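Okay, so here's the structure we're looking at.
The values are calculated or read from the model by the stated rules, or taken from the named source; none is laboratory data. Computed from a predicted model, the values in this text were never measured in an experiment. Cβ atoms come from the backbone with ideal geometry, glycine included; neighbour counts cover every protein chain shown. Quick note on the areas: whole protein, heavy atoms, side chains included, nothing else; ligands and nucleic acids left out. Shrake-Rupley method; radii C 1.70, N 1.55, O 1.52, S 1.80 Å.
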Amino acid sequence: MKLILGITGASGSIYAKRFLLKAKERFDVELIVSKNGEAVLKHEGCEDILQNAKVHAIDDFFAPPATGSSSYAGMAILPCSMGTLGRIAAGTSDNLLIRAADVCLKESRPLILVPREMPLSEIHLENMLKLKRAGAAIIPASPHFYKHPKTIEELVDTVVERVLGAGSCV
Ligand SMILES: Cc1cc2nc3c(=O)[nH]c(=O)nc-3n(C[C@H](O)[C@H](O)[C@H](O)COP(=O)(O)O)c2cc1C
């Protein structure tokens, strides 16, 4: 089954890297990366992600994720910027990543957003509430420590596993 991984220009490229690694064990993962997502991937040393899965061009509205007639298990966006989150909430569909998220919502397919920002403004919180009510799952990039992670990867995986976990995602 195919799964879409959206990567935006929020900090936390390692979340996308670890998610791709684990999701590939179960899914045929296709990437959509925003322009700022690409810049931050490079800045945070994770640009090798782009070699490890099929990548759809951000402005290609002819690509399969742009239409509900294509079959996908769902979409995860991590890390998710407040900009992308706001545009999904507004239904702009103005790039392939946002259109693919819009398609998931209209087709009632799982859409998981992993926002990373602090502090959160009233606008951010209202957008999250709107998306939750529209059917998206919001899983903030808030790792937990109670299993005593020893590496950054183990810490990051506490979020990645929730995204992949039963009940919250695909
Ligand atoms: C190094 C860097 C880190 C950033 N981190 C965040 C972040 O954690 N959260 C966020 O919402 N935006 C962050 N931004 C700002 C977004 O990249 C910017 O709002 C951009 O317009 C998002 O575009 P996109 O949603 O199309 O990727 C960061 C920008 C840079 C350059």
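Are any residues in the stretch 82-133 on the phi > 0 side of the Ramachandran plot and touching a helix residue (DSSP H, G or I) at 6+ places or on another chain (Cβ under 9 Å), and if so, which ones?
Passing the criteria: 91, 93.
Which of the residues that make up the stretch 1-27 are outside any helix (DSSP H, G or I), within 12 Å of the chain's Cα centre (by Cα) and not hydrophobic (A, V, I, L, M, F, W, C)?
Listed by number, the residues that qualify are 6, 8, 9, 12.
Inside the stretch 62-81, can you point out the residues that are within 12 Å of the ligand (Cβ to nearest atom) and in contact with a strand residue (DSSP E or B) (Cβ under 7 Å, 6 or more places away or on another chain)?
Across the stretch 62-81, the qualifying residues are 77, 78, 79, 80.
Please indicate, with yes or no, whether at least one residue in the stretch 14-27 is open to solvent by 10 Å² or more (accessible area, probe 1.4 Å), within 15 Å of the ligand (Cβ to nearest atom) and modelled with pLDDT of 95 or more.
Yes, the conditions are met somewhere in the stretch 14-27.
Please find, among 136, 53, the residue that is without any contact (Cβ under 8 Å) to a residue 60 or more places away in the chain and in contact with an Asp or Glu (Cβ under 7 Å, 6 or more places away or on another chain).
53
With respect to residue 133, determine if the residue is closer than 25 Å to residue 67 by Cβ and modelled with pLDDT of 95 or more.
Yes, satisfied.
Report yes if residue 93 is free of Cβ contacts under 8 Å to residues at least 12 places away in the same chain and hydroxyl-bearing (Ser, Thr, Tyr), otherwise no.
Spelling it out, residue 93 is indeed free of Cβ contacts under 8 Å to residues at least 12 places away in the same chain and hydroxyl-bearing (Ser, Thr, Tyr).
Residues are listed down the side, and each one gets a yes or a no for (1) over 22 Å from residue 154 (Cβ atoms); (2) of a type outside the set (Gly, Ala, Ser):
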| site | (1), (2) |
| --- | --- |
| 26 | no, yes |
| 44 | no, yes |
| 56 | yes, yes |
| 75 | yes, yes |
| 93 | yes, no |
